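Q: Please read through the structure below; I'll follow up with questions.
Nothing in this text is a laboratory measurement; each read-out follows from the coordinates by a stated rule. The structure presented is a predicted model; accordingly, all values stated were derived computationally and were not measured. Every residue, glycine as well, gets a Cβ built from its backbone with ideal geometry; the counts of neighbours run over all protein chains shown.
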Amino acid sequence: MTDILLDLIYCFAASLFFALIMNTPKNTLMHTSIVASIGYLIYLSCSAQLNTTLGFFAGTTFVAMMGEIFARRFKMPATIFIFPAIIPIVPGLGLYETMLAFVQNDILSALEIGADTIFNIVSMAIAMALVSAAAIKMKSGKMN
Amino acid sequence: MEVSANNLLKVIKLAAQIILENGGETYRAEETIKFIGRAFNIKEIESIATPTGFYITVSSDGNENNTLVKRIRKRTIDLHKINDVNQVSRQLSEHSITLDEALEKLQEIYERKESGIRYNVLYAGLSSAFFALLFGGHVLEFFTALITGIIVSMVSRRFENLQSYQFFSSIFSGLIIACIAVFVTFFSKMVNYNSIIVGCMMPLLPGLAMTNAIRDTIRGDLISGIARATEALLVASSLAAGTGVTIYMAYTMGLF
């Protein structure tokens, strides 16, 4: 339990500072960081209980949905909310482990981890695409 | 409302340029162009935007055409500027500001420098440090990642004016990250280099290019989608190559 709580705090801080690097408007900083940590929590719990790829899908869906909702509320582009919040979920660890296995001349596990990472990225892409397609369908010609 | 096509073209050009240079989606650039044109009762307005440039044709009376081509060479990320341009285009469509005021505002947004580069360097370090903690690091990894993140962000700033900015900056960032991590691990056996490297890599991953690739593709902007996906692939693989080369050398030299 404390582990998860600590992870959430780390995730919150990491995405807060990341949003600051990307010069996110100041009044949205808290929203993005909180969405980032909740999205990360969803990703963690789904991948622990069910399946890693599903975890990526669920986490990304949440982040993208909150991004679209905040975009309507604040009348700002949705990217401002989605991009900093999605960063903790992006499978950087998978990318690194693939590269590490290649370096250690362990081609088989490199291919295995690499294929897994690609699957995870694709599932994130599908989640994001579904949410933004739904958002386009709903808004009928208004710009956001 | 009558406006000169020339002035309108100036405003539209600047708005689209700021959006594309600072990491906005191409459909946002195209829609901004369309919305501003529609607000001033332009008869025909057509635009094609890609991440590397855009073309606009404006015809205010249906007979005379004004066309503009603009190449985008520098691409950075600044979400604040995108938001500000969005606000200006909103105000223009509601006619709460005039075209000249909009041009002034856009000029001001375009020329605005990043506020406080020193702070940005520090934020980059802190972000890397907290990601290192998230990926299983402890106090030592936290401080190593903090310093590494600061160094990487200072070095990658040097590449900003280069043509192939993203390629060079990511490959060098990867090299620096892995060098420092391997070096620190070599001298202090208590440090876990994996969490340092992953923590410092996370803020450099092409998250925006990926997000925009998908959002553009969904809107039917296939060329932009593929361009952004290529950008994301290039950044990710050069980052991995930079770290990979260093770790490979460390292995062959038997450092760990």
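Q: Among A:75-88, B:79-92, how do they line up from the highest to the lowest mean number of other beta-carbon atoms within 10 Å?
A: Numbers: A:75-88: 25.9, B:79-92: 22.0.
Order by mean packing, descending: A:75-88, B:79-92.
Q: Here's a follow-up. If I stretch the segment between B:VAL139 and B:MET190 completely, what's the gain in nm (0.36 nm per residue apart, minus their alpha carbon distance), one decimal? Present the calculation step by step, with values, prior to reporting the outcome.
A: Working: separation 51, 0.36 × 51 = 18.36 nm, distance 1.06 nm.
Stretched out fully, the B:VAL139 to B:MET190 stretch lengthens by 17.3 nm.
Q: Here is a follow-up. For B:THR76 and B:PHE168 in the same chain, what is the full-extension length gain: residue separation times 0.36 nm, less their Cα-Cα distance, in nm?
A: Values: separation 92, 0.36 × 92 = 33.12 nm, distance 1.41 nm.
Net length gain for the segment: 31.7 nm.
Q: Moving on. Once each part is reduced to its C-alpha centroid, what is the distance from the range A:32-55 to the range B:1-67 in angstrom?
A: 40
Q: Then there's this: Give the lysines reachable from A:LYS137 as a straight Cα distance under 20 Å; neighbours fewer than 8 places away on the same chain don't count.
A: Correct list for A:LYS137: A:LYS75, B:LYS34.
Q: Give me B:THR246, A:THR61 sorted ascending by neighbouring Cβ count inside 10 Å, so fewest comes first. Present the calculation step by step, with values, prior to reporting the outcome.
A: Values: B:THR246 22, A:THR61 19.
Listing B:THR246, A:THR61 from fewest to most nearby Cβ atoms yields A:THR61, B:THR246.
Q: Hey, what's the per residue convex hull volume over the C-alpha atoms of the protein assembly as shown, in cubic angstrom?
A: Working: hull volume 53.0 nm³, N = 400.
With only Cα atoms used, the protein assembly as shown gives 133 Å³ per residue.
Q: Å³ per residue of the Cα convex hull, for the range B:117-252? Don't skip to the answer; put the middle values down first.
A: Working: hull volume 15.4 nm³, N = 136.
So the per-residue Cα hull volume is 113 Å³.
Q: Rounded to whole Å and ordered largest first, report the semi-axes of the equivalent ellipsoid of chain B derived from its Cα gyration tensor (root of 5λ).
A: That gives 44, 18, 13 Å for the three semi-axes.
Q: In what order do A:CYS11, A:CYS46 fall by count of nearby beta-carbon atoms within 10 Å, going from fewest to most? Before the final figure, lay out each step's value.
A: Details: A:CYS11 26, A:CYS46 19.
Fewest to most other Cβ atoms nearby, the residues stand as A:CYS46, A:CYS11.
Q: While we're here: Given the options B:THR246, B:PRO206, B:ALA132, identify the residue whose Cα lies farthest towards the positive end of the charge dipole of chain B (+1 on Cβ of Lys, Arg; -1 on Cβ of Asp, Glu).
A: B:THR246
Q: How would you rank B:LYS74, B:LYS10, going from fewest to most other Cβ atoms within 10 Å of each one's own Cβ?
A: Working: B:LYS74 13, B:LYS10 18.
Arranged by neighbour count, lowest to highest, B:LYS74, B:LYS10 become B:LYS74, B:LYS10.
Q: Roughly how tilted is helix B:26-39, in degrees to the nearest 10 and between 0 and 90, from the longest Cα axis of chain B?
A: Between the helix axis and the principal axis of chain B, the angle is about 20 degrees.
Q: What does the charge add up to near A:MET128, with Lys and Arg as +1, Asp and Glu as -1, over the other residues with Cβ less than 13 Å from its Cβ?
A: Numbers: positive: B:ARG215, B:ARG219, B:ARG228; negative: A:GLU68, B:GLU25, B:ASP216.
That works out to 0.
Q: About the Cα centre, and with charges only on the beta carbon of Lys, Arg (+1) and Asp, Glu (-1), how big is the dipole of chain A? Nearest 20 debye, please. Kindly include the intermediate steps, with their values, before the conclusion.
A: Values: 7 positive and 7 negative charges, 224 e Å.
For chain A, the charge dipole is close to 1080 debye.
Q: Nearest 20 debye, what's the magnitude of the dipole of the range B:117-252 about its Cα centre given +1 on Lys and Arg Cβ and -1 on Asp and Glu Cβ?
A: Its charge dipole is roughly 140 debye.
Q: Quick one: putting +1 on the C-beta of Lys and Arg, -1 on the C-beta of Asp and Glu, what dipole do you get for the protein assembly as shown around its Cα centre, in Debye to the nearest 20?
A: Numbers: 30 positive and 30 negative charges, 91 e Å.
Dipole size: approximately 440 debye.
Q: In addition: The range B:108-140 to the range A:64-131: how many Å between their Cα centroids?
A: The distance from the Cα centre of the range B:108-140 to that of the range A:64-131 comes to 20 Å.
Q: Which whole number in µm²/s is D for the range A:2-139 by Stokes-Einstein, with the Kirkwood Rh taken over Cα pairs at 10 °C and 1.306 mPa s?
A: Numbers: Rh = 15.6 Å.
It comes out at roughly 102 µm²/s.
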